[in-house]
1. Of A:V100, A:V24, A:V91, which residue is in contact with a Ser or Thr (Cβ under 8 Å, 6 or more places away or on another chain), more than 10 Å from chain B (Cβ to nearest Cβ) and among the β-branched types (V, I, T)?
2. Please verify whether A:G260 is of a type in the set (G, A, S) and in a helix (DSSP H, G or I), treating the condition exactly as stated.
3. Can you tell me how many residues in region A:27-45 are more than 18 Å from B:Y163 (Cβ to Cβ), within 13 Å of chain B (Cβ to nearest Cβ) and assigned to a loop (DSSP other than H, G, I, E, B)?
4. Could you tell me whether region A:12-25 includes any residue that is without any contact (Cβ under 8 Å) to a residue 24 or more places away in the chain, more than 18 Å from B:Y163 (Cβ to Cβ) and buried (at least 18 other Cβ atoms within 10 Å of the Cβ)?
5. Among residues belonging to region A:89-129 that are hydroxyl-bearing (S, T, Y) and under 30 Å from A:D180 (Cα atoms), point out the one that is surrounded by the fewest Cβ atoms within 10 Å (Cβ to Cβ).
6. Could you check, for region A:222-243, whether at least one of its residues is closer than 23 Å to A:E176 by Cβ, free of Cβ contacts under 8 Å to residues at least 60 places away in the same chain and in a helix (DSSP H, G or I)?
7. Of the residues in region B:169-204, how many are β-branched (V, I, T) and in contact with a Cys (Cβ under 8 Å, 6 or more places away or on another chain)?
8. Could you please tell me which pairs satisfy a Cβ distance under 8 Å, a separation of 6+ or placement on different chains, a first residue in region A:126-153 that is at pLDDT 90 or above, and a second residue that is of a type in the set (V, I, T) and surrounded by fewer than 12 Cβ atoms within 10 Å (Cβ to Cβ)?
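The values are calculated or read from the model by the stated rules, or taken from the named source; none is laboratory data. None of the values given here were measured: they were computed from a predicted structure. Here Cβ is always computed from backbone atoms with ideal geometry, including for glycine, and neighbour counts include all displayed protein chains.
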Amino acid sequence: MSYIFSNILGTFIIDNNLKIIDRVVYQHASDEKRLLLKHGAVKPDNDALKSILGVFKDRAYSEKFHSINLELTKAGIRDSVTDEFLVIEAVHAIDDITKVSNTLMKRFRGWYALQNPEYEHSETDNEILLGNVLKANTVKKEKISMGAHFSKEDIEPVMELGEKIRVLYRLRSSQEKYLDGVMGRLCPNVSEVAGALIGARLLVHARSLRRLAMMPASTIQLLGAEQALFRHMRTGARAPRHGLIVAHPLLVSAPQKMHGKIARGLADKIAIAAKVDYFRGKFIGNKLREELEKKFAA
Amino acid sequence: MKQSSIFEVYEEQKGKRRFLYTKSILKGNDVYGERIVNEGNDEYREWNPQKSKLCAAILNGVPNIFLRKGDFVLYLGSSTGTTVSHVSDIVGTEGLVFAIDIAPIVMRDLVFLSEKRNNIVPVLADANMPETYRERISLVDFLYQDVAQKNQVEIFLKNARMYLKKGGYALIAVKARSIDVSKRPGEVYRQVFNEIEKSGMKIIDKRNLDPFQRDHLMLFCKY
């Protein structure tokens, strides 16, 4: 009796004494069939399989094992890149840009305040401040100002820094737009209900759409509030009402009293949306959102 | 530099500290920023016990790791290939290391490593499903497992049953905290002993990895 065995090296016919009596290198399904017919071989059972695997424990095959597996693994790594990876990188990029631009903006404010502290003090919005300062002649100095007089030479580096920060703000908004697009492709429903950025953050926290889809709504409600949750469980402190979804427009505009209820409702809808997205259902995001808005309309 | 009591592993005593090395099969290359010592025509790579549990086990006094030159090795949970590179040094150019890992990101580093070292075979697969890589590897003389999974013992036994030759040796780095955080490590270890011995494998040696790794136990088994 002989056995037929295929692996990445080829298809082999192996006899009872574990000698290879016929082989086809680089198998195709048809090769296997042809050899099968020619030798009347059988597929090995578990015991035989182990001894057959032993046939290939041979230095003669090492090089082939190495080169073919290398190719297969490279292909595997290539195919493993999904939209989820893009979302994760984009969210991290947006967070990094925000951090860097805030740091630089603090420096810019300090520097600019030396020459015009009154205006710097009066405008709290970073982007508006930056836009006005960089536009020539829009910001007037008060008559009696605490600001020092700067020579043109001294103003220049401040403005240059401002220009670069403005580039960062633009970069952030273009990356957010990109994230919108990817999220719309990967999970349109979650994106519609939660918003692209919050949806993406949930996805990053859950590590994959599959895991997010498998989560109960109560878990989604508290994603990102783990510290508070465990503090609550350990010490009996007040339970957190929401995690990452706190930044959602519905919650931001709601009175404190309603936060818990809204967070629960919102998490419910996100959980439904994630399941629909993972199993590639229809687009029902707008319906879910309308239901939410109607229920919690102020 | 002198040969230690373990095959293909070299040692150096500096004061109270003992340093381990493996003879590099690929000269002029460090793998993870380790110190390299040149002596005569040979190059020795320092083996860091903080980064490699196998090294920690040797420093904690195991008499033998049962790994020989020319061995075929199945390495589950290869990660970026820190320990794999030393195993590759030990088995030498005549041996072969099948390195399995499920995470594509760490596999990338392993691919770069195996492009330089011909005796490392990278396989992107789930060690929990050994039948998925049946066509990609052969029987082996030696099984090494270091995966932080709840069912790591089950994974270990499944792979041994399928790919380890009779009489072959197997090492498992048991991470008590991934099997059950709430139990005391000693309890987890006892459970592991039972499970392994029930399968017909013999436990030859056990070694705690303190102070290099906390709550880890290296088990040396024979199939």
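1. Working: A:V100 fails: in contact with a Ser or Thr (Cβ under 8 Å, 6 or more places away or on another chain); A:V91 fails: in contact with a Ser or Thr (Cβ under 8 Å, 6 or more places away or on another chain).
Going through A:V100, A:V24, A:V91 in turn, the sole match is A:V24.
2. Yes: the conditions hold for A:G260.
3. 2
4. no
5. Taking region A:89-129 first, the residues hydroxyl-bearing (S, T, Y) are A:98, A:101, A:103, A:112, A:119, A:122, A:124.
Then keep just the ones that are under 30 Å from A:D180 (Cα atoms); that gives A:98, A:101, A:103, A:124.
On the way: A:T98: 13, A:S101: 22, A:T103: 11, A:T124: 8.
Looking at residues that are hydroxyl-bearing (S, T, Y) and under 30 Å from A:D180 (Cα atoms), I get A:T124.
6. Within region A:222-243 (the criterion being closer than 23 Å to A:E176 by Cβ, free of Cβ contacts under 8 Å to residues at least 60 places away in the same chain and in a helix (DSSP H, G or I)), the answer is no, since none of the residues qualifies.
7. If we filter region B:169-204 for residues that are β-branched (V, I, T), which is where we start, we get B:172, B:174, B:179, B:181, B:188, B:192, B:196, B:203-204.
With in contact with a Cys (Cβ under 8 Å, 6 or more places away or on another chain) added as a condition, the list becomes B:172, B:196, B:203-204.
Here the count works out to 4.
8. As it stands, the answer is A:N132/A:T138, since those pairs meet every condition given.
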